[in-house]
Amino acid sequence: MTNTLIISTYNWPEALGLVLKSVLNQSKLPDQIIIADDGSTKDTKVVIDAFKSEVETPVIHIWQEDTGFRKAKILNKALLASTGDYILQVDGDCILHKHFVKDHLSLVKPNQFLFGSRVTIKKSYLDSLFKSKEINFSFLSKGIKKRTRAMHVPILSHLYMASREFSKKYRGCNTSYFKTDALAINGYNEEFEGWGREDSDFALRLLNNGVISRRIRYKAIVFHIYHFEKPKSNLEKNNSIELQTIKNNVTWCDNGINKDISENK
């Protein structure tokens, strides 16, 4: 089984540089890396090009024009370009624990998607973080909160079982799934523009389509770099789309990955 790591990003090359550094530090490298770029400037490309020269794994940089927050669309483009049977997905402001890839792959099962823990790196620690370019964090590290989530104790991860219910702990910044399962629901719903709900809607439609979820705890950890909240001007509209997914047990979105396939013909 081959795998692809998808990293979404937008105009924060300093954070992305640390994330890519943590990819280089993985105990098991992914088979393919795709950076899904929602319209960043050339500064981000410089960081990615430097990374390409350091890693043996094939790296693809997929960029789209900046016309506002269109994370769903750029993730669909990344899915189309992916060659892996299994997708690992993170955000470009989440530093990976050194066993992140290995941990996700250790729990892969058919008809199941995974989601892991997110530890927050505090705002007050950002200056130190970017000066030191630190990527190795643990339960005892300075500058983090919700530190129990930073405990890497793999044997305890077996306490968390698979479920058919949606978990409010789900975050698209730390998830993995089979590509075929994503294609079966037509990928991400590109009706979601502006911040919010594109990731939970994706998980809900996987569940509605019979794919069970499993929370990963005590392994597969990411460390989220603090940033100011993004504008939420479209959140009311996005909430209403998600509510329809829940109410009507929606599995397929019309405005999904098939639209990108048509655009590329």
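The values are calculated or read from the model by the stated rules, or taken from the named source; none is laboratory data. Computed from a predicted model, the values in this text were never measured in an experiment. Here the Cβ is made from the backbone with ideal geometry for all residues, glycine too, and neighbour counts use every protein chain on show.
Between 57, 4, 44, which is in a strand (DSSP E or B) and over 21 Å from residue 259 (Cα atoms)?
Just one listed residue meets the conditions, 4.
Is it true that residue 15 is under 28 Å from residue 138 (Cβ atoms), crowded, with 22+ Cβ neighbours inside 10 Å and among the small types (Gly, Ala, Ser)?
Yes, satisfied.
Taking the condition of being at pLDDT below 95, in a loop (DSSP other than H, G, I, E, B) and hydrophobic (A, V, I, L, M, F, W, C), how many residues in the range 117-150 meet it?
3
Of 261, 246, 185, 212, which residue is among the aliphatic types (A, V, I, L, M), modelled with pLDDT of 95 or more, over 16 Å from the mean Cα position of the chain (by Cα) and surrounded by fewer than 17 Cβ atoms within 10 Å (Cβ to Cβ)?
212
Working carefully through the options 128, 138, 106, find the one that is surrounded by fewer than 19 Cβ atoms within 10 Å (Cβ to Cβ) and within 17 Å of residue 15 (Cβ to Cβ).
Result: 128 is the single residue among 128, 138, 106 that is surrounded by fewer than 19 Cβ atoms within 10 Å (Cβ to Cβ) and within 17 Å of residue 15 (Cβ to Cβ).
How do the pairs read when you match residues in the range 231-249 that are closer than 11 Å to residue 205 by Cα with residues anywhere that are at pLDDT below 90, using Cβ under 7 Å and keeping only pairs 6 or more apart or on different chains?
Every condition considered, the pairs that remain are 242/197.
Being more than 17 Å from residue 173 (Cα to Cα) and modelled with pLDDT under 95: is that true of residue 84 here?
no
Return yes or no: is residue 178 surrounded by 18 or more Cβ atoms within 10 Å (Cβ to Cβ), more than 26 Å from residue 106 (Cβ to Cβ) and in contact (Cβ under 8 Å) with a residue 60 or more places away in the chain?
Criteria not met by residue 178.
Residues checked against (1) β-branched (Val, Ile, Thr); (2) farther than 18 Å from residue 22 by Cα; (3) free of Cβ contacts under 8 Å to residues at least 60 places away in the same chain:
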site	(1), (2), (3)
137	no, no, no
154	no, yes, no
157	no, yes, no
167	no, yes, yes
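Here are some residues: 43, 38. Which one is buried (at least 19 other Cβ atoms within 10 Å of the Cβ), closer than 19 Å to residue 68 by Cα and in contact with a helix residue (DSSP H, G or I) (Cβ under 6 Å, 6 or more places away or on another chain)?
38
Out of 16, 79, 20, 29, I need the residue that is within 17 Å of the chain's Cα centre (by Cα), within 30 Å of residue 184 (Cβ to Cβ) and part of a helix (DSSP H, G or I). Which one?
So the residue among 16, 79, 20, 29 that is within 17 Å of the chain's Cα centre (by Cα), within 30 Å of residue 184 (Cβ to Cβ) and part of a helix (DSSP H, G or I) is 79.
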